[in-house]
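*Asks:* There's a structure below that I have some questions on.
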Amino acid sequence: MIDFIDGMLILWYILTTGSMLFLVWDLFTNTPTTRLMKLAWILVVLYTGPIGLLIYLLSCRQPIPHMHDAFINVHWKQAVGSLLHCVAGDATGIIFSAVVVYHFGLSNGIDLSIEYLSAFIVGLFIFQALFMLSMYKGNYWLAVRKTFFAETVSMNMVMLGMIPTMVILMHKLPGADNPNHMLFWGVMSLATITGMITAYPINSWLVARGLKHGMMSAIPEPKGTEMTGMNMPSDRKEKAHTHTAVFPLWESTLILTGSFLLLLTSLWITNLFVPIRFIS
């Protein structure tokens, strides 16, 4: 069984390496997206391998030159772009902190708390705020404040999928919690993929409500072109839509509370399989 898992992991890493090489080449030669979006794609494909590359091909890679805006101007692709912002930051924070806390021998409850905090910090202060910075005239702290809600509910939904996957597999598979073992990275890849699945619906909703950016393009606006709703590039449409979004306090409170309840339910279910303890 161990030999089979090791063989599958080696195959996965080979496919991930190939996916990364193609992605980087294509991002800088074919697909005109923004620098932050390129970074998000690189991180997500690094964590999710060929599955991430497949999502990139279907949602972002323009099939014909100069068609990127038209290609990404579909709601589900915009939602994928929003999901990328979230997962790139959150998964990076989780994986980084998981590597660090392993060496301290803490209880799994403390580990999860540190990973949650790390994911929130990286997701909010780097990816969410910087992605939305242009909408707030370069005011970074205003962007942080305005994206706090979106990052919180998005990250809760990412953790909804990642926590059970990480905790259960690391408990059942010897060495899976050790970052020096390739099984650790396989579990993190699977956890990230699961987190993407559980976080997609809320990101689709956030984009539909104008509370998050979707997929973005970096095609310069032709000189003399009037910025109207009909000829505005998809990323500029997204910015305009977000500026006019109206979101009642009761609705945001309901969504935020619901995301925490779902996360707590995920922790409760996980605890049925692997006890979550805060004391070593």
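*Asks:* Given springs between every Cα pair under 10 Å in a Gaussian network model of the chain, which of G109, G195, G161 has the largest fluctuation?
*Replies:* The residue with the greatest mean-square fluctuation here is G109.
*Asks:* Still on this structure, please answer the following. Report, in deg cm²/dmol and to the nearest 500, the calculated mean residue ellipticity at 222 nm for the chain, where each DSSP H run with n ≥ 4 adds -39500 (n - 2.57) and the sum is divided by the residue count. Could the numbers behind the result be given before it?
*Replies:* Details: 9 runs with 195 residues, N = 280.
Helix contribution divided over all residues of the chain: -24000 deg cm²/dmol.
*Asks:* Where a ≥ b ≥ c are the square roots of the eigenvalues of the C-alpha gyration tensor, would you call segment 27-179 rounded, which needs a/c under 1.5, or, failing that, prolate if a/b is larger than b/c, or oblate?
*Replies:* Working: a/c = 2.47, a/b = 1.50, b/c = 1.65.
Oblate is the answer for segment 27-179, as a/c is 1.5 or above yet b/c matches or exceeds a/b.
*Asks:* Modelled label-to-label distance, F22 and L272, 7 Å Cα→beta-carbon offset: nm?
*Replies:* 3.9 nm
*Asks:* A further question on this structure: What are the DSSP H helices in the chain that stretch 18 Å or more along their long axis, judged by alpha-carbon atoms, and whose average Kyte-Doolittle hydropathy comes to at least 0.0? Walk me through the numbers before you get to the answer.
*Replies:* Working: long enough: 2-29 (40 Å, 1.42); 35-59 (21 Å, 1.61); 75-101 (39 Å, 1.05); 108-122 (21 Å, 1.07); 140-172 (44 Å, 0.85); 182-208 (39 Å, 1.28); 249-273 (37 Å, 1.38).
Helices passing the filter in the chain: 2-29, 35-59, 75-101, 108-122, 140-172, 182-208, 249-273.
*Asks:* To the nearest 0.05, how large is the calculated FRET efficiency for L117 and N30 if R₀ is 30 Å and r is the Cβ-Cβ distance? Numbers along the way, then the final one.
*Replies:* Values: r = 38 Å, r/R0 = 1.26.
Given R0 = 30 Å and the Cβ-Cβ separation, E is 0.20.
*Asks:* Which links in K38/K137; K38/K146; K172/K212 stretch past 31 Å when you go from one Cα to the other?
*Replies:* Values: K38/K137 22 Å; K38/K146 23 Å; K172/K212 37 Å.
Among K38/K137; K38/K146; K172/K212, the Cα-Cα distance tops 31 Å for K172/K212.
*Asks:* Extending each Cα 7 Å along its Cβ direction at S134 and L254, get the distance between those two points in nm, one decimal.
*Replies:* 3.4 nm
*Asks:* What nm value, rounded to one decimal, do you get for the distance between L57 and N180 when each label is placed 7 Å out toward the C-beta?
*Replies:* Placing both labels 7 Å along Cα→Cβ, they lie 3.8 nm apart.
*Asks:* Then there's this: Please work out which option in [x] 19.3, 62; [y] 18.9, 55; [z] 19.4, 66 gives Rg and Dmax of the Cα atoms in Å calculated from these coordinates, and answer with its label.
*Replies:* [z]
*Asks:* Oh, and also: Among E115, E151, E251, whose mean-square fluctuation peaks in a Gaussian network model of the chain (Cα, cutoff 10 Å)?
*Replies:* Comparing E115, E151, E251 in the GNM, the peak value goes to E251.
*Asks:* Identify which of S154, S189, S107 has the largest mean-square fluctuation in a Gaussian network model of the chain, with springs joining Cα atoms closer than 10 Å.
*Replies:* S107
*Asks:* Using Cα pairs closer than 8 Å and at least 6 residues apart in sequence, work out the relative contact order for the chain, in percent. Working shown, then result.
*Replies:* Numbers: 369 pairs, mean separation 65.8, N = 280.
Computed value for the chain: 24 percent relative contact order.
No lab work stands behind these numbers, since they all come straight from the coordinates. Remember, predicted model here, so these are calculated numbers, not experimental data. In this analysis, Cβ positions are derived from the backbone assuming ideal geometry, glycine residues included, and neighbour counts consider all displayed protein chains.
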